[in-house]
1. How far apart, in nanometres, would the label points at Glu29 and Ile293 be if each is projected 7 angstrom from Cα along the Cα-to-Cβ direction?
2. I need two numbers for the stretch 76-231: Rg to one decimal and Dmax as a whole number, Cα atoms only, in Å.
3. Which cross-chain or sequence-distant (5 or more) residues have an amide H under 5 Å from the amide H of Ile105, H modelled 1.01 Å from N in plane?
4. Between Arg497 and Glu554, what is 0.36 nm times their sequence separation minus the Cα-Cα distance? Round to one decimal in nm.
5. Taking every pair of Cα atoms in the stretch 502-650, average 1/r, invert it to obtain the Kirkwood radius, and report Rg/Rh to two decimals.
6. Taking 60 Å as R0, compute the FRET efficiency from the Cβ-Cβ separation of Glu136 and Glu445 and round it to 0.05.
7. Could you give P(r) for the stretch 613-669, binned at 5 Å from zero, as whole percent values over all Cα-Cα pairs?
8. Amide H neighbours of Gly18 under 5 Å, at least 5 residues apart or on other chains, H built in the peptide plane: list them.
Amino acid sequence: MTVDQQMQSALALTFLGGLSVESEGAAVELPRSRKTRALLAYLALSPRPRRRSALCTMFWERPDDPKGALRWSLSKIRPLLRTEDDCLVVADGDFIRIDTSDIGIDARNLLGAAADPEPWPASELERLATSGELLEGFSLAGCPDFELWLAEQREDIRQARLRVFDTLCQHYAAQPERALEFARAAAELAADDPDTRLRLIDLLDRTGRADEAESHRRLAREIIAPRERLRADDGADGAETSSQPMVATVREADSRIVREGLEPSGPLLKLPDRPSIAVLPFLQIGAGHETDIFAVGLTHDIIMGLSRLRWLFVIARGSAFNIVTSSADVLEIAERLGVRYVTQGSIAVANGKLRVDIALIDAPSHTEIWVERFDRDITELFQVQQEISDAIVGCLQIEIEAAEQKRALMQPDQALDAWSAYHRGVWHMNRFNPADFNRAEKLFERALEFEPDEARVYSGLSFIEFQRAFLHIDPDRDSALRKSLEFAERSITVDPRDALGHWAMGRTLLMFREYDQSVEELETAIDLNPNFAGAHFSLSRTCFAAGDSTRGIEAADTARRLSPYDPIRFAMLSVRANCLVQLGELDEAVEWVVRAARQPNAHYHIHAIATYCTALAGRTDLTERYKEKLLASRPDYSVKDFLLAFPLKEPAHVELVREGLKKAGLAGD
């Protein structure tokens, strides 16, 4: 069923906020039996047919004739679900199901809208998200299997409501008072979720509710404070549980590495004024000589990779390896090294397989903020060392930045320093709308009041001006691009070894059609920080514009591998689709562009890419959907708008875009 069909079904089942059935808009009287009502909900929401015996066990285990009780309940349900032509309760031998293909079901619609909100109007998203809990107030004593199923379904619905509230907050980003309604609802629904509360804090700040924002900051600090304590005996024997990755403490450190130096009675060190991290040696399980070399080499590579990040204070390998391990308390280790973040991990070898587990820990709160596992064939031991270390460094970079942004958001405005003002600005910058760009600009300017020569801030200002030109936010596009170039130049002048400045320069030079210089600057950014996902993505974008599609795909894939949950994931996916179109792989391009357009912060250029890609592939159903979304944002969108955003070098590639948009009914220069 299409979205319109689901919203206008003649037969509708309502499960959110209560249970009701409507036929042709009129309410249908429900059976009085609570078990019959429960059976109706269970069958309607089940993705597959259910055995009669299983239904009897779930609902009628005690009666003398459970099969008779099931037949009686089905006889009460059938009149509710009957069309002119057929009964929608289908019996197939021992299996029972409800044919829901022509039934509108609000709970199913909510789950679908949470997974793919694009086709749904905002008014319907709001109605679904605010309708209430699944079968609100309903319970069925004496049927524990049903109660367990209902609890699981309610949690799925709760998570779906949160995702839809998040979508609505983004939809109304330019109307903070409206967005605030949904942020409040989300915070009420997920009181212990720090990300949900941080969004609420931001909107309270933006709407001038400083006192309420500070109250929620205090709550957020309580939430983020120790929730998952790291215990000294965790992972002592290297055993793996079903619920946690195999991340072990360094208490049982490898005796082949000398670790003497810092005594327990030694002085504690203050945290530096920038993020700081210690990469502790990996615990080895099933160790051998090659594994020993691999473990030391992997730790070394991670430290070296992180050391390229000029904003990050990294403890030297010698100090990390020489830390006394008589205590497994990560806070004590962090205090003696003077760092906020610590990584711990393990390397296991068994049955010809290699497993690397690693966790990033915020030491003061004793909280794991990121865990990951890498499984490889043992024959690839040294070949994959660089691959694994690059992936780890890329993820650590993203996760530490995200953690710093959250810490900055929890600080009141008057307490902001250069670092926290910058990171709060980055949080706003990555929301990709005019209001947040303005807020980010003010925060960056505030950061410069504290640190006038902070290269990262100038690269952030360059990014904002670039986006104002790219998204046609600034009517004077040329002026915005000149400002973007000037800020990029200032960033490089302040610190020529900071990759962010060269990244800002490279992406801006593309807009001036300086393809070779753009590639050169982006390659410099990658040389300075090989794990900088943004630089790899921007290189893929320049390669697409220049017509080097094969290299563009390689760079896009590297960017996604380094940052699989990046704020600009939509762009990483879409540039791959663009390159595939140039290579004539239209069906594959459609797969990638659909994934891009599904991302919640995808902007109208992504919908334009989706429109022309699907039109070239003959997918008119998708073309109409994306065209509608595109025109809702930019009613006068044309080929000219596309080429201003994506300055294609080759005439043949220009014609591909022109042909696709023309097939979609978007004529124009």
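1. Going from the Glu29 label point to the Ile293 one covers 8.4 nm.
2. 20.2, 64
3. Distant-sequence amide H within range of Ile105: Leu13.
4. Once the chain is fully extended between Arg497 and Glu554, it gains 18.0 nm.
5. 0.96
6. Numbers: r = 48 Å, r/R0 = 0.80.
After rounding, the FRET efficiency stands at 0.80.
7. 4, 20, 30, 27, 15, 4, 0
8. The list, which skips near neighbours in sequence, is Leu135, Glu136.
The values are calculated or read from the model by the stated rules, or taken from the named source; none is laboratory data. On a predicted model such as this, the values are computed, not experimentally measured, just so you know. FYI the Cβ positions are ideal-geometry reconstructions off the backbone, even for glycines, and counts take in every protein chain you see. Side chains included, ligands, DNA and RNA excluded: accessible areas come from the protein's heavy atoms. Shrake-Rupley method; radii C 1.70, N 1.55, O 1.52, S 1.80 Å.
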